[in-house]
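Q: One structure is given below, represented as structure tokens, and several questions about it will come after.
The values are calculated or read from the model by the stated rules, or taken from the named source; none is laboratory data. All values reported here derive from a predicted model rather than from experimental measurement. Positions of Cβ are backbone-derived with ideal geometry, glycine not excepted, and every protein chain shown enters the neighbour counts.
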Amino acid sequence: MSSNSNTSSSGSGSVLGSITSTIGKNPYMILGGLVTAAFFITSFVLAAKFLGSEERWEKIQREVVSKILPLTLVGTLALFVTSALYVLQDPHKTMYFLLVLGCLSLGLSYTAVVISVISK
């Protein structure tokens, strides 16, 4: 029994240690993550700022196509590159990464739906 508890606690520490060491070995993943976050945060701030102040659909559509959509597309591309760097560095931990990414996307999608329902 005690050997099982030691194995499970060292197993979870090794996962975190493995992720930390993988990120430490490749600083481009940190840079890619920061760039990805910057693009998505900027896109979100512009969308919240603009859509809260304007009610004309033509102006909203023009701003979305010219500012928000390009930032989101570049952020998505940066997320892909960063994800590829991580998966290629540590393919054994891919399932953890996919689980985090899937839960994050589900949470953000649900939040977007709730905000759109509340705002109208």
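Q: Restricting to the range 60-106, count the residues that are within 13 Å of SER43 (Cβ to Cβ) and among the polar types (S, T, N, Q).
A: Qualifying residue count for the region: 3.
Q: May I pose another question? Restricting to the range 73-120, name every residue that is outside any helix (DSSP H, G or I) and either modelled with pLDDT of 85 or more or under 11 Å from the mean Cα position of the chain (by Cα) (or both).
A: none
Q: What tally of residues in the range 25-44 results from selecting those that are closer than 17 Å to SER109 by Cα and small (Gly, Ala, Ser)?
A: 2
Q: Somewhere in the range 60-72, is a residue at pLDDT below 75, surrounded by fewer than 17 Cβ atoms within 10 Å (Cβ to Cβ), out of contact with any Pro (no Cβ under 7 Å at 6 or more places or on another chain) and of a type in the set (A, V, I, L, M)?
A: Within the range 60-72 (the criterion being at pLDDT below 75, surrounded by fewer than 17 Cβ atoms within 10 Å (Cβ to Cβ), out of contact with any Pro (no Cβ under 7 Å at 6 or more places or on another chain) and of a type in the set (A, V, I, L, M)), the answer is yes, since at least one residue qualifies.
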